[in-house]
Amino acid sequence: MRAIVEVMLNSKVLDPQGKAVEGALSNMGLSAVKGVRIGKRIELEIAEGLSQEEAQAQVEEAADKLLANPVIETWSISWER
Amino acid sequence: MGALSRRVAIITFPGSNCDDDCAHVLGDVLGYEVVRVWHKETQLPDSCDAVCIPGGFSYGDYLRSGAIARFSPIMEAVIAFANAGGTVIGICNGFQILLESGLLEGAMQHNESGKFVCKPVHLKVGRKDSRFTHKVDLDRPLLVPIAHMEGNWSCDDATFERLQAAGQILFQYCDEEGVVSAASNPNGARGNVAGLLNVEGNVLGMMPHPERYSEELLGGEDGKMLFTSMLER
């Protein structure tokens, strides 16, 4: 089982990386792109034998305390089997 | 021997690179006793007068600056020391680590320009009665260099107003006349914040590097006053 944690800067926060990529896409002439925001995808391999609830609780703790900084970022968790 | 007998611990994480500079200024230039502490240790030296968390790129800035260092073993001791009223200064990456530790409020983002900025900047001193500035004896702003990619400090409106009202904003980027404006802001930090205190006033985080301007030979010595302030109270 694998947990996928996605971390994004919260929407009010300026994303200089996204802005730079947006500028480059515009230089390429790709006028379809209106905006770019860059985040992180973090894959966590989960030990066998844990209940889904226990695994969910630990992954949430990881996301909240280390993987994301709640002051400027948001996170979401999805699961792959 | 001008200096009083004082002991200061300097923490080194993997990737710290201003620890030698801090040790040189605090030890060789100012004559305090310096104890080097590796991040894997779990205790600070006995009767420590201050802890210095130096600049650098702890853990290669992986994930976010300071995020991983915050969970190094020594940080429990540093947090306990700070919570007991001990003097802690975090410089540059040290500031980022203090934010991630929750000892200071807000968070660092990438510089608004997207660029690494390295230059001397002027700093308006918010108050001269703090533990870190009571020996600052100048009628002009301080001149201290910055060198960072993530110094764009931010927080929400309510937090900012509270920090401001409590006098926790110790340094703001300004021009040479002391005027704080967008033009004198090198990284986009909210309110031009360059240095921030905790509410008790015993913990300081600052992006500029006082250890780099503590000797006239190296361009300036305004930084020295912050170290003598925090150690000679």
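The values are calculated or read from the model by the stated rules, or taken from the named source; none is laboratory data. Remember, predicted model here, so these are calculated numbers, not experimental data. Virtual Cβ from ideal backbone geometry, glycine too; neighbours counted across all protein chains shown. Calculation scope for accessible area: heavy atoms of the full protein, side chains included, ligands and nucleic acids excluded. Shrake-Rupley method; radii C 1.70, N 1.55, O 1.52, S 1.80 Å.
Pull up the stretch A:1-21, narrow it to residues that are away from chain B (no Cβ under 11 Å) and modelled with pLDDT under 95, then point me to the one that is nearest to the chain's Cα centre (by Cα). By that ranking, first place goes to A:SER11. Candidates are the residues of the stretch B:105-150 that are among the acidic types (Asp, Glu) and in contact with a Leu (Cβ under 9 Å, 6 or more places away or on another chain); the one that is farthest from A:ALA68 (Cα to Cα) is B:GLU112. Residues that are closer than 22 Å to B:PRO45 by Cα, open to solvent by 40 Å² or more (accessible area, probe 1.4 Å), more than 13 Å from chain A (Cβ to nearest Cβ) and not charged (D, E, K, R) within the stretch B:55-80 comprise B:PRO73, B:ALA80, listed in sequence order. Does the stretch B:114-127 include one or more residues that are farther than 16 Å from B:TYR173 by Cβ, within 14 Å of another protein chain (Cβ to nearest Cβ) and modelled with pLDDT under 95? Within the stretch B:114-127, one or more residues are farther than 16 Å from B:TYR173 by Cβ, within 14 Å of another protein chain (Cβ to nearest Cβ) and modelled with pLDDT under 95. Scan the stretch B:84-94 for residues that are more than 16 Å from B:GLY223 (Cβ to Cβ) and assigned to a loop (DSSP other than H, G, I, E, B) and jot them down. Those that are more than 16 Å from B:GLY223 (Cβ to Cβ) and assigned to a loop (DSSP other than H, G, I, E, B): B:ALA84, B:GLY85, B:GLY86. A single entry from B:VAL180, B:VAL121 fulfils the requirement of being closer than 25 Å to A:LEU14 by Cα, touching a strand residue (DSSP E or B) at 6+ places or on another chain (Cβ under 6 Å), open to solvent by 40 Å² or more (accessible area, probe 1.4 Å) and of a type outside the set (Phe, Trp, Tyr): B:VAL180.
Return the residue satisfying two criteria in turn: it lies in the stretch B:139-164 and is in a loop (DSSP other than H, G, I, E, B) and open to solvent by 40 Å² or more (accessible area, probe 1.4 Å), and of such residues it is nearest to B:GLY90 (Cα to Cα).
B:MET149
Scanning the stretch B:1-42 for residues that are open to solvent by less than 10 Å² (accessible area, probe 1.4 Å) and within 15 Å of B:PHE71 (Cα to Cα) yields B:ILE11, B:PHE13, B:HIS39.
Is there a residue being more than 14 Å from chain A (Cβ to nearest Cβ), assigned to a loop (DSSP other than H, G, I, E, B) and open to solvent by 30 Å² or more (accessible area, probe 1.4 Å) anywhere in the stretch B:95-111? No, because not a single residue in the stretch B:95-111 is more than 14 Å from chain A (Cβ to nearest Cβ), assigned to a loop (DSSP other than H, G, I, E, B) and open to solvent by 30 Å² or more (accessible area, probe 1.4 Å). Taken over the stretch A:28-81, the residue count meeting the criterion of being out of contact with any Phe, Trp or Tyr (no Cβ under 7 Å at 6 or more places or on another chain), within 13 Å of chain B (Cβ to nearest Cβ), in a loop (DSSP other than H, G, I, E, B) and among the small types (Gly, Ala, Ser) is 1.
Is the stretch A:18-33 home to any residue that is open to solvent by less than 60 Å² (accessible area, probe 1.4 Å) and in contact with an Asp or Glu (Cβ under 8 Å, 6 or more places away or on another chain)? No, every residue in the stretch A:18-33 fails to be open to solvent by less than 60 Å² (accessible area, probe 1.4 Å) and in contact with an Asp or Glu (Cβ under 8 Å, 6 or more places away or on another chain). Checking the stretch B:191-204 against the condition returns a match, with at least one residue being more than 21 Å from B:ASP137 (Cβ to Cβ), at pLDDT 95 or above, in contact with a Phe, Trp or Tyr (Cβ under 7 Å, 6 or more places away or on another chain) and open to solvent by 10 Å² or more (accessible area, probe 1.4 Å). Apart from one condition, B:GLY167 fits all of (1) in a helix (DSSP H, G or I); (2) open to solvent by 10 Å² or more (accessible area, probe 1.4 Å); (3) under 30 Å from B:TYR32 (Cα atoms); the exception is (1).
Among the residues of the stretch B:153-181, those that are within 14 Å of chain A (Cβ to nearest Cβ) and either over 18 Å from the mean Cα position of the chain (by Cα) or farther than 22 Å from B:SER130 by Cα (or both) comprise B:SER154, B:CYS155, B:ASP156, B:ASP157, B:ALA158, B:THR159, B:PHE160.
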